[in-house]
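Accompanying notes for the structure given below.
Quick note: the coordinates plus some simple rules give every number you see, no bench work behind them. This structure is a prediction, so every number in the text was calculated from the model and none was measured. With ideal geometry, Cβ positions are generated from the backbone for all residues, glycine too; neighbour counts draw on all protein chains shown.
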Amino acid sequence: MNPGKKKHSLQTPAPKKSAASDGALPCLMVIDDDGTIRQTLHAALGQGYEVIGLPSGEDALQMIESYKPKLLILDINMPGSDGFEVCQKIRACAATRRLPILFMTARKDDESFLNSLQAGGDSYITKPFEIAELKSRIEYLINSRRSF
């Protein structure tokens with residue numbers, strides 16, 4: 001038994017089945033130390049995706065291989081490794097190099113946006129955000145880039 005998966009069981013339900021494809025829903029990994037954000041995204045996106053919520057980048061780096069997400073939603077401000085560091089580590093690994101990464105942050109300054117691009121991020125959205133805009137970005141990123 002993987003204790004990491006059990007630890008997050010309230011936010012990581014078993015994959016749902018899609019009536020259209022009769023397969024598991026695509027997985028999104030939300031890395032944000034704010035539990036309210038993780039719960040909000042789980043509620044907003046859970047009908048179309050398996051949403052895995054994790055409070056730190058270290059958790060994501062440990063669990064990414066087992067969940068094989070189609071996209072990461074990554075906060076910048078987190079304890080331990082910040083979002084830029086996590087993104088760079090993901091880009092440095094051959095198995096996850098092409099995984100789409102959407103930065104979601106309260107930072108609205110140009111420097112943070114540029115740093116997200118330099119770290120290897122694919123898109124950037126600021127909090128607060130509109131769910132419709134977030135869904136559009138997710139769909140675009142998943143469809144425009146092949147993940148691992």
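Would you mind classifying segment 39-117 by shape? Square roots of the alpha carbon gyration tensor eigenvalues, ordered a ≥ b ≥ c; an a/c under 1.5 is rounded, otherwise it is prolate if a/b is larger than b/c and oblate if not.
Numbers: a/c = 1.64, a/b = 1.15, b/c = 1.42.
Oblate, since a/c reaches 1.5 and b/c is not below a/b.
Order these peptides, 86-94, 106-114, 70-78, by their mean beta-carbon neighbour count within 10 angstrom, highest first.
70-78, 86-94, 106-114
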